[in-house]
Amino acid sequence: PASGALFVSGWDGYHPSPAEGRQVVSKLSADGAVTAPRWAEGLRNPLGLAVKGDVLYAVESGGLAVVEVATGKLLRRIAVPGGGLNDLAVADDGTLYLSDFRADTIFRVRDGVAEPWVKGPAIGRPNGLHLDGGRLLVGTNADGCVKSVDVATREVRTIARLGAGTIDGLETDTAGNVLVSHNEGRLFRITPAGEVTRLLDTTVVGLPCANFAWIEASRLAVCPAFTEDRVVAWRVPRS
């Protein structure tokens with residue numbers, strides 16, 4: 001919010017570059033203009049992004065890249081042992097949580113050190129993560145559910161079952177709703193009572209909706225159309 005910018009990870013399935021780092025993060029303005037197509041360079045196929053203070057964290061092959069928001073400069077890397085790292089969430093105290101869909105694991109990173117935090121079938125094939133107060137929301141694609149993990153006790157609870165589809169992005173709004181995207185092209189709203197509403201479905205035209213950003217002030221869900229080389233913004237009505 002301080003920069004008024006959107007950051008978009010440029011994942012390249014054709015040139016994975018696990019070691020050399022050939023991919024980028026792009027910078028967009030809030031109205032959709034591409035202000036810096038190669039804002040941060042030298043990344044290893046970035047996926048999930050999160051901003052905390054003056055740095056941006058990018059999940060990449062082998063761990064995390066730490067990028068300076070003011071300049072786009074790659075500051076350092078944090079090694080994380082997972083082989084299927086995907087999304088991340090960052091707490092107020094700087095603790096980082098990363099999902100590993102191949103190992104059915106959520107890693108926790110503190111002071112630059114990664115460790116398995118929650119593991120097993122209860123969070124099978126985790127993808128999207130979002131911190132909401134004292135709980136970590138996680139999309140578990142082994143069973144098509146949105147679940148919560150108590151940060152203090154690590155207790156796992158099911159919030160809602162979405163059925164077939166690949167859960168990708170998770171956000172919350174100020175009304176306490178959870179917004180969830182299916183990569184195939186669906187956007188759902190889950191109320192605090194657990195009621196699920198499908199807000200958007202672009203699967204009929206083959207337009208994906210990957211891990212999205214939520215802008216509360218304008219009520220925009222900004223979705224990377226994963227296979228379309230574009231970003232699409234959808235305005236979400238209030239419930």
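The values are calculated or read from the model by the stated rules, or taken from the named source; none is laboratory data. Here the structure is a predicted model, which means the values were calculated and not measured. Here Cβ is always computed from backbone atoms with ideal geometry, including for glycine, and neighbour counts include all displayed protein chains. Side chains are part of the model used for accessible areas, which takes the heavy atoms of the whole protein and leaves out ligands, DNA and RNA. Shrake-Rupley method; radii C 1.70, N 1.55, O 1.52, S 1.80 Å.
Quick notes
- Translational diffusion of segment 172-239, µm² s⁻¹ [Kirkwood Rh, Cα pairs; Stokes-Einstein; 10 °C; 1.306 mPa s]: 132
- Relative contact order computed over the chain (Cα-Cα under 8 Å; 6+ residues apart), in percent: 8
- Percent RCO, i.e. relative contact order, over segment 60-173, from Cα pairs under 8 Å lying at least 6 residues apart: 16
- Dimensionless Rg over Rh [segment 102-200; C-alpha; Kirkwood]: 0.96
- Heavy-atom accessible area ranking, 1.4 Å probe, most first, across W234, W214: W234, W214
- For segment 13-113, averaging the sequence separation of C-alpha pairs within contact (under 8 Å, six or more residues apart) and dividing by the residue count gives a relative contact order of 17 percent.
- Reducing segment 51-66 and segment 146-210 to their Cα centroids gives an inter-centroid distance of 24 Å.
- For segment 12-59, the alpha-carbon radius of gyration amounts to 1.22 times the rule-of-thumb value 2.2 N^0.38 Å expected for a compact globular protein.
- In summary, the convex hull built on the alpha carbon positions of segment 14-117 has an orientation-averaged projected area of 6.9 nm².
- Under 5 Å, built H, 5+ apart or other chain: amide partners of G84: F101, R102, A103
- Taking the Cα centre of segment 74-217 as origin and assigning +1 to Lys and Arg Cβ atoms and -1 to Asp and Glu Cβ atoms, the resulting dipole is close to 340 debye.
- Base-10 log of normalised Debye intensity for segment 147-201 (one unit scatterer per alpha-carbon) at q = 0.19, 0.26, 0.30 Å⁻¹: -0.67, -1.11, -1.29
- log₁₀ of I(q)/I(0) at q = 0.07, 0.12, 0.14, 0.15 Å⁻¹ - the chain, Debye sum with one point per alpha carbon: -0.20, -0.62, -0.88, -1.03
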